[in-house]
Each structure stands twice: as structure tokens, then as C-alpha cells.
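The values are calculated or read from the model by the stated rules, or taken from the named source; none is laboratory data. Model, not experiment: these values are computed from the prediction. Positions of Cβ are generated from backbone atoms using ideal geometry, with glycine treated the same way; all protein chains shown enter the neighbour counts. The area values use the complete protein model at the heavy-atom level, side chains included, leaving out ligands, DNA and RNA. Shrake-Rupley method; radii C 1.70, N 1.55, O 1.52, S 1.80 Å.
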Amino acid sequence: MNIVIIEDEIMTAEDLADIIGQIDKDIRITAVLNSVEASLRYFKEPRATDLVFSDIQLGDGLSFEIFRSVRIGTPIIFCTAYDEYALQAIRSNGIEYILKPFTVETVIQAIEKYRQLKKYFTPVEPDYEKLIRSITGMDKMEKKVGAVLVYHKDKILPIGLDDIALFYIDGELTRLHCFNGKTYVVNQPLDELEQLSGNAYFRINRQYLVNRRAVTDAHHYHPRKYVANLSIPFKEALVVSKNRTTAFLQWLTQP
């Protein structure tokens, strides 16, 4: 999803971009514009923009001037400290009206509203990939995968996913650490293991993929950063990447 931010206060724009970046790793901030003039120049060219977050009172005028001057079909989420512009916002492709100071929750709710509206108005197309996988039986094969193979001395051992506390990158190797304390080298990249393990595991950063059963709780490590505390002894602190904290906290609430 490509998002454009229109905001003339630098700190506010940075905070908003930071919150949006935490919500979903597939979201991309394609531009941060700080004036009516800059926005008009930007939108005069064709842009692949899915959603706009816009303040209303900018240094050189109201953002409504932008949307009156340039035809923009993109939905707009207005973020402002004033509530008297709601009607004009609706007339300018506004789908949500957030009063400042915004919070993580209000931004998440606004993006979720956009997704629901998009889902409602987008024609449903057949999932051809899912259909092919069903016909070939690949989906059933994947559902049966409950273990990974490791090489230990002269043997190949299957280690159940339920027995693994976490996967991690150690130098050039990928390793797994079991609840019983044993570790093994895995001949699979972490990206592939993330796909294999499903929602039971979470990629807290580039180095670690953690089993939900291994996480007891989390605590603040730095503003907007967390450390995942484990139920087993481990050599290093597991710091959750800043752009993954929101998804991590949501994942912790899952059964």
C-alpha cells in the first residue's frame, strides 16, 4: 500500500509516518508534503497512491485547495486539530476524520476502515493459486507439515514445531533452539521457516523467529521498542524491531 502524508509540522509528520510504518511492513510512505504548493506539484503527475493522510490547515492555505485544483480519486484520511471542517472533508474524498493529537489506535482504525471499504467495493476475483493448490493436493500436504529436518552427527532428525522455542540466525547459519535447551543447525533460511511455521511464530526482527509458547511477556526497551521475554534461558535479549511492535503486540493477544 502506497501512502502520501500532507503535513506542515515536521515532528507530527514523522510521528505519523512512524506509526503507519509499525502497522504493516507492506505499507510504503511514498511522499511527505508540507504545503499546498508542494502537493499541487506532486499530484499533477500520475502517482500510484492508495491512501492520503492530510492535515487541513497548512502554512500556505487549506488542503481542500489541493483536492479542488487536482483531480484525485484516492481516499483521504484527514488529521486536524479542528472539528469544523468535517463536512468539507467528506466532500473531498474524506473517509475518516482524525482529531489531533492522533494515537496509534486512531490511525490503525482509520487504515482498517480504508481496507474494509476497499474490500467492499473491489470485485471479488477467483483465487486461482488457491484453486490450483487444492486440485493438486499441495494445500493438504502443507497442512501436514509439523516438523523441520535437522542434521545431527550422521542422522537426519525431525524436530516438531511445537518443540521449538525459536529459530535464529547465528553468523552464516540458521539454528533452532528447543524448549529442552537443545540447539540444531537448520538447512533452511529464516524467511522460508517463517512461511512454514504460520501464525504460531512471529518474526520479531531480521534475526529471530519466535514461538508464541516461548514468550511470557514483553517490556519497554526504548521508546516504541520492546524486548520479548522468554520462558527459557537464552543467551541474548530479543529486541522487537520498531516497525514490528504493533503487529507483535497484536500477535501476543492471539490464543
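Could you give me D for segment 37-81, from Stokes-Einstein at 10 °C and 1.306 mPa s, where the hydrodynamic radius is the Kirkwood radius over C-alpha pairs? Units µm² s⁻¹, please.
Numbers: Rh = 11.0 Å.
My calculation gives 144 µm²/s for D.
Starting from the Cα gyration tensor of segment 1-107, take the square roots of the eigenvalues, sort them a ≥ b ≥ c, and report rounded, prolate or oblate (rounded when a/c is under 1.5, otherwise prolate if a/b is larger than b/c, else oblate). Intermediate results must be reported in sequence, preceding the final value.
On the way: a/c = 1.42, a/b = 1.12, b/c = 1.27.
Rounded.
What translational diffusion coefficient, in µm²/s and rounded to a whole number, does the Stokes-Einstein relation yield for the chain at 20 °C and a viscosity of 1.002 mPa s, taking the hydrodynamic radius as the Kirkwood radius over Cα pairs?
On the way: Rh = 21.3 Å.
Result for D is 100 µm²/s.
Counting only the heavy atoms of the protein chains, how much of Met11 is accessible to a 1.4 Å probe, in Å² to the nearest 10?
Answer for Met11: close to 130 Å² accessible.
To two decimal places, what compactness ratio does segment 175-231 give when its Cα radius of gyration is scaled by 2.2 N^0.38 Å?
Working: Rg = 12.3 Å, N = 57, 2.2 N^0.38 = 10.2 Å.
Cα-based Rg divided by the globular estimate yields 1.20.
Can you tell me the orientation of helix 10-23 relative to the chain, as the angle in degrees between its alpha-carbon axis and the longest Cα principal axis, to the nearest 10?
Relative to the chain, helix 10-23 is tipped by roughly 40 degrees.
So if I average 1/r over every pair of distinct C-alpha atoms in segment 1-56 and take the inverse, what Kirkwood radius in Å does that give? Don't skip to the answer; put the middle values down first.
On the way: mean 1/r = 0.0870 Å⁻¹.
Answer for segment 1-56: a Kirkwood hydrodynamic radius of 11.5 Å.
Skip the ligands, DNA and RNA, and give the accessible area per residue of the chain with a 1.4 Å probe, whole Å².
61 Å²
Gaussian network model of the chain, Cα springs within a sub-10 Å range: biggest mean-square fluctuation belongs to which of Phe202, Phe53, Phe102?
For the chain, modelled as a Gaussian network with Cα springs under 10 Å, the answer is Phe102.
Of the cross-linked pairs Lys155/Lys182; Lys153/Lys182; Lys25/Lys100; Lys119/Lys225, which ones have a Cα-Cα span greater than 21 Å in the structure shown? Don't jump to the answer; show the numbers that get you there.
Numbers: Lys155/Lys182 15 Å; Lys153/Lys182 14 Å; Lys25/Lys100 24 Å; Lys119/Lys225 32 Å.
Where the Cα-Cα span goes over 21 Å, the pairs concerned are Lys25/Lys100; Lys119/Lys225.
Going by average Cβ density within 10 Å per residue, which order do the peptides 151-159, 80-88 take, highest to lowest? Spell out each step's value before the answer.
Working: 151-159: 9.8, 80-88: 12.8.
Result, highest mean first: 80-88, 151-159.
Beta carbons within 10 angstrom, averaged per residue: use that to sort the peptides 35-41, 215-221, 22-28, highest first. All intermediate terms of the calculation are to be shown ahead of the outcome.
Numbers: 35-41: 17.1, 215-221: 13.0, 22-28: 15.0.
Ranking the peptides 35-41, 215-221, 22-28 by packing returns 35-41, 22-28, 215-221.
Pulled fully out, how much extra length does the chain show between Thr183 and Leu40, if you take 0.36 nm times their separation in residues and subtract their Cα-Cα distance? Before the final figure, lay out the partial values.
On the way: separation 143, 0.36 × 143 = 51.48 nm, distance 5.73 nm.
45.7 nm is the gain from fully extending Thr183 to Leu40.
When the Cα centres of segment 204-236 and segment 40-59 are compared, how far apart do they sit, in Å?
38 Å
Using a 1.4 angstrom probe on heavy atoms only, work out the carbon and sulfur share of the accessible area of the chain in %. Write down the numbers at each step before the final one.
Working: 8020 of 15450 Å².
Carbon plus sulfur share of accessible area: 52 percent.
So between Glu192 and Leu173, what do we pick up on full extension, going 0.36 nm a residue minus the alpha carbon distance?
Details: separation 19, 0.36 × 19 = 6.84 nm, distance 1.38 nm.
Extending this stretch completely gives an extra 5.5 nm.
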